[in-house]
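A quick write-up on the structure given underneath.
The values are calculated or read from the model by the stated rules, or taken from the named source; none is laboratory data. Given the structure is predicted, the values throughout are model-derived calculations rather than measurements. We place every Cβ from the backbone using ideal geometry, glycine too, and count neighbours over all the protein chains shown.
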Amino acid sequence: MRVVKRNAIVDQSLCVACGCCVKVCPLSAIAVFHGLYAKVNPDRCVGCGKCAKECPASIITIQEVGA
Amino acid sequence: MKGKRWYDYLWIATALYLVLGFFNILFAWLGLLCFFIPLILAVATGQKSYCNRYCGRGQLLGLLGGRFGLSRRRDIPKWMKSRGFRYSFLVFFFAMFFLMLWNTYLVFAGAQNLSQVVTLLWTFRLPWHWAYHGTLFSPGVAQFAFGFYSVMLTSTLLGLVTMVLFKPRSWCVYCPMGTMTQLICQAKHREK
């Protein structure tokens, strides 16, 4: 059986670095980098999609990543 | 879930600020904290820690739109999250802000009388005399308070409208303070 891994992907060019995603992430897998944009830690992210739902700019998507 | 910290309750301060402006306009001066703290934090630490942790308005919008469900939770239109719009809104906001400062100066200088109104959306002049009970030093002190409260009430109103229409904290996308602190962070991290 093939296990599909999903990750949150941030469009950093449009991120306003508000930090809403950081607040809702249950695994502390996302952080605001230097006040510039949100950065996902792919090792921790399980692709639950909470950040994508919360993001006020809707610039986070959940995508399948190669295993 | 993560435990709540003291700064997760700053929405109470924001709500209190808006209420106090109905009783004594001079409380509007406290709003300068929401102006200077984000800038100082951004310049000193190169982080948007104000937006990320301490912004009471963001929390209030998150609470009303999120927990109280007063938001449609739709995606914000593309143009509203573009840099062009965010920077234009920042410039417009500051132009209006300096106009307000100029009017304050005119009252300080005695060239204009104190106008006891709160101007909503830079257009609608609401009578607000009930919240004025005299002032110290100069009527200019009160003029600034009326002007600053107008800025705060207007931006809260815009925030509430986009909260209802789009995601709860959609104000954060075009918030002039957020845009400015992000620009400061960009400048700071370009140096290195």
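Overview of results
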quantity	calculated
Which listed residue is touching a strand residue (DSSP E or B) at 6+ places or on another chain (Cβ under 6 Å), surrounded by fewer than 21 Cβ atoms within 10 Å (Cβ to Cβ), modelled with pLDDT of 95 or more and not in a strand (DSSP E or B), from A:A52, A:A17	A:A52
Helices (runs of 4 or more DSSP H) lying entirely in region B:123-192 (those with 3 or more residues that are under 11 Å from the mean Cα position of the chain (by Cα) and at pLDDT below 95)	none
Condition met for A:V22 (in a helix (DSSP H, G or I), at negative phi and crowded, with 18+ Cβ neighbours inside 10 Å)	yes
Residue within region B:79-89 that is surrounded by fewer than 16 Cβ atoms within 10 Å (Cβ to Cβ), closer than 19 Å to B:L183 by Cα and in contact with a Ser or Thr (Cβ under 9 Å, 6 or more places away or on another chain) present	yes
Positions within region B:163-174 being facing another protein chain (nearest Cβ under 8 Å), of a type outside the set (A, V, I, L, M) and under 19 Å from B:G84 (Cβ atoms), in sequence order	B:F166, B:S170, B:W171, B:C172
Selected residue (only one of B:F93, B:F137, B:F124 is over 22 Å from A:C21 (Cβ atoms) and either within 12 Å of chain A (Cβ to nearest Cβ) or in contact (Cβ under 8 Å) with a residue 60 or more places away in the chain (or both))	B:F93
Out of B:T179, B:T123, B:T119, B:T154, sole residue that is of a type in the set (S, T, N, Q) and surrounded by fewer than 17 Cβ atoms within 10 Å (Cβ to Cβ)	B:T123
Lone qualifier among B:G46, B:G62, B:G56 - being within 23 Å of A:V24 (Cβ to Cβ), of a type outside the set (D, E) and within 11 Å of another protein chain (Cβ to nearest Cβ)	B:G62
Odd one out for A:V4, checked against (1) modelled with pLDDT under 95; (2) touching a helix residue (DSSP H, G or I) at 6+ places or on another chain (Cβ under 9 Å); (3) not basic (K, R)	(2)
Count of region B:140-162 residues which are within 14 Å of chain A (Cβ to nearest Cβ) and touching a residue at least 60 places away in the same chain (Cβ under 8 Å)	3
So A:K39, is it free of Cβ contacts under 8 Å to residues at least 60 places away in the same chain, part of a strand (DSSP E or B) and within 20 Å of B:Q182 (Cβ to Cβ)	yes
Every pair of residues 6+ apart whose Cβ atoms lie under 8 Å, when the first sits in region B:73-90 and is within 9 Å of B:P176 (Cα to Cα) while the second is not β-branched (V, I, T)	B:R86/B:Y174; B:F89/B:Y174; B:F89/B:P176; B:L90/B:P176; B:L90/B:M180
Scope region A:28-50; condition within 12 Å of chain B (Cβ to nearest Cβ) and under 26 Å from B:S71 (Cα atoms); matching residues	A:S28, A:I30, A:A31, A:V32, A:Y37, A:A38, A:K50
